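All remarks here apply to the structure that follows.
The values are calculated or read from the model by the stated rules, or taken from the named source; none is laboratory data. Quick caveat: nothing in here was measured; it's all calculated off a predicted structure. Note that we place each Cβ from the backbone using ideal geometry, even for glycine, and neighbour counts take in every protein chain shown.
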Amino acid sequence: MREHASERERLAISADYYQNVTGELDKAAQAYQRVIESYPRDYGAYSNLGVIFAPLGQYEKATETTKQAALLAPDAVEIYENLANYALALQRFDESRQLLQQLQSRKMDDFAMHSTSYALAFLDADPVAMAEQQRWFVSKPEYETFGLALASDTEGYVGHLRNALELNARAVESAIRTDSKENAAIWQASTALQQAAYGYTHEARQTAAAALKLAPTSQGAEVEAALAFAMADDAAQAQLLGQSLNKRFPLDTQMQSLWLPAIQAQLALDRRNPVSAGQIPQAANPLELGQIAFVLNISCLYPIYIRGQAFLAAGQGSAAAIEFQKIIDHNGIVWNCWTGALAHLGVARANALQSRTSQGADADAARVRALAAYKDFLTLWKDADPDIPILKEAKAEYAKLQ
């Protein structure tokens with residue numbers, strides 16, 4: 001028995017090392033598969049393998065594997081929460097809703113379930129259900145920060161930036177009170193990205209710097225801050241952080257294949273080199289849709305957004321439209337992240353570009369699509385703060401196209 005126990009422990013340690021130390025997702029998946037082959041009744045190995053498939057963007061595999069874990073451990077709440085998120089990522093909203101209802105009927109409850117429930121309410125445009133989930137977060141001081149961060153994202157999504165910043169500040173304060181400076185830093189870094197995208201580059205640099213000060217060794221805060229600096233035209237700081245991240249996480253799958261290429265692509269855009277920027281290597285690769293462990297939603301799909309911006313800058317309207325539409329079509333992944341809102345503007349700009357570079361019926365059709373997409377964005381932002389730079393730009397572009 002000691003020999004068997006030792007082998008099981010060795011396999012588990014190996015899998016955990018690849019998952020949580022080096023970040024080598026493929027090797028972690030292989031290690032958990034070896035655990036399952038040797039110990040097919042180990043529900044934790046099935047569940048952990050699902051958790052590995054999700055950041056690889058392989059949600060069908062994650063679902064299949066996690067369902068095996070559910071058969072072995074029907075009372076493990078995290079298994080059903082993971083299944084609900086994988087269903088969201090696959091745009092299977094009814095399936096996700098049914099899984100959450102199962103948890104509620106069995107009195108199985110924790111904050112991840114309420115985060116996913118909030119996401120479903122947002123996707124259903126159901127403010128009553130969103131408020132219900134917020135009441136739960138308020139009732140749990142240790143989880144209040146997550147509810148505030150979700151509410152901040154929702155306000156930012158519809159252009160209520162002042163409200164979003166106020167809620168984010170409260171989320172940061174709540175996280176610090178519960179001794180979670182890393183979460184506080186991640187909330188700030190995410191806000192810095194939003195500020196940069198909306199046109200407030202000076203404020204974005206300040207917010208990103210504050211995030212790094214709060215949790216200077218946090219991978220999540222550092223990588224989001226690096227991308228925020230790049231989007232806010234601070235190439236020197238972005239490059240410095242990128243070099244540090246590359247040195248610290250040389251084998252990490254998402255770092256090397258998603259985050260660092262996105263940072264470099266944004267820097268290329270800053271240098272007015274859109275061709276280089278458009279070469280983010282993950283186009284059509286499931287990894288670019290993979291779950292990000294440290295965020296509240298599943299992923300904001302930043303690399304896809306930046307690739308869309310690069311295609312716009314390169315004058316490739318059709319290619320840009322495909323990238324922005326990909327974000328819209330995966331709202332079960334994006335939830336209430338600002339990229340979901342600005343993707344509508346991206347589609348509008350891409351079609352407007354096509355209307356200028358095409359002729360005849362093709363140009364007319366592209367113009368019609370552009371007008372519809374601009375209207376979608378401006379309707380979404382109908383009550384937005386009027387002084388947001390990107391909103392002013394969108395209104396001027398729409399007026400010129402009419």
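Only one residue in Ile328, Ile306, Ile322, Ile390 is crowded, with 24+ Cβ neighbours inside 10 Å and among the β-branched types (Val, Ile, Thr). Which one?
Ile306
When you check Leu245 against the structure, is it touching a residue at least 12 places away in the same chain (Cβ under 8 Å), farther than 17 Å from Tyr305 by Cα and not in a helix (DSSP H, G or I), yes or no?
Details: touching a residue at least 12 places away in the same chain (Cβ under 8 Å): yes; farther than 17 Å from Tyr305 by Cα: yes; not in a helix (DSSP H, G or I): no.
Here the answer is no, as Leu245 does not meet what is asked.
For Ala164, work out the one condition from (1) buried (at least 23 other Cβ atoms within 10 Å of the Cβ); (2) of a type in the set (A, V, I, L, M, F, W, C); (3) over 23 Å from Asp376 (Cβ atoms) it doesn't fulfil.
(3)
Check Asp179, Asp153 and return the single one that is within 22 Å of Gln134 (Cα to Cα), buried (at least 22 other Cβ atoms within 10 Å of the Cβ), of a type in the set (D, E, K, R) and out of contact with any Asp or Glu (no Cβ under 7 Å at 6 or more places or on another chain).
Asp153
So which of Tyr86, Tyr118, Tyr80 is part of a helix (DSSP H, G or I) and farther than 21 Å from Tyr143 by Cβ?
On the way: Tyr118 fails: farther than 21 Å from Tyr143 by Cβ; Tyr80 fails: farther than 21 Å from Tyr143 by Cβ.
Only one candidate qualifies: Tyr86.
Check Gln68, Gln101 and return the single one that is surrounded by fewer than 20 Cβ atoms within 10 Å (Cβ to Cβ), farther than 22 Å from Asp153 by Cβ, in contact with a helix residue (DSSP H, G or I) (Cβ under 6 Å, 6 or more places away or on another chain) and polar (S, T, N, Q).
Exactly one residue qualifies, and that residue is Gln68.
Can you give me the number of residues within the range 243-274 that are farther than 20 Å from Ala293 by Cβ and of a type outside the set (Lys, Arg)?
The total comes to 10.
How many residues does the range 314-353 contain that are closer than 22 Å to Thr154 by Cα and at pLDDT below 95?
So the answer is 0.
If Gln133 satisfies every condition in (1) free of Cβ contacts under 8 Å to residues at least 12 places away in the same chain; (2) on the phi < 0 side of the Ramachandran plot; (3) not hydroxyl-bearing (Ser, Thr, Tyr) but one, which is the exception?
(1) is the only condition that Gln133 fails.
Mind counting the residues in the range 157-171 that are in contact (Cβ under 8 Å) with a residue 24 or more places away in the chain, in a helix (DSSP H, G or I) and within 20 Å of the chain's Cα centre (by Cα)?
Of all residues in the range 157-171, those in contact (Cβ under 8 Å) with a residue 24 or more places away in the chain come to 157-162, 164-165, 171.
Then drop every residue that is not in a helix (DSSP H, G or I), which leaves 157, 161-162, 164-165, 171.
Applying the additional criterion that residues be within 20 Å of the chain's Cα centre (by Cα) yields 157, 161, 164-165, 171.
Residues flagged as in contact (Cβ under 8 Å) with a residue 24 or more places away in the chain, in a helix (DSSP H, G or I) and within 20 Å of the chain's Cα centre (by Cα) within the range 157-171 amount to 5.
Could you list, in sequence order, the residues of the range 198-232 that are crowded, with 24+ Cβ neighbours inside 10 Å and under 16 Å from Tyr305 (Cβ atoms)?
Correct list: Ala204, Val223, Glu224, Ala226, Leu227, Ala228, Ala230, Met231, Ala232.
Which of the following residues is within 15 Å of the chain's Cα centre (by Cα), small (Gly, Ala, Ser) and either closer than 20 Å to Ala215 by Cα or not in a helix (DSSP H, G or I) (or both): Ser152, Ser190?
Values: Ser152 fails: either closer than 20 Å to Ala215 by Cα or not in a helix (DSSP H, G or I) (or both).
Matching residue, one of Ser152, Ser190: Ser190.
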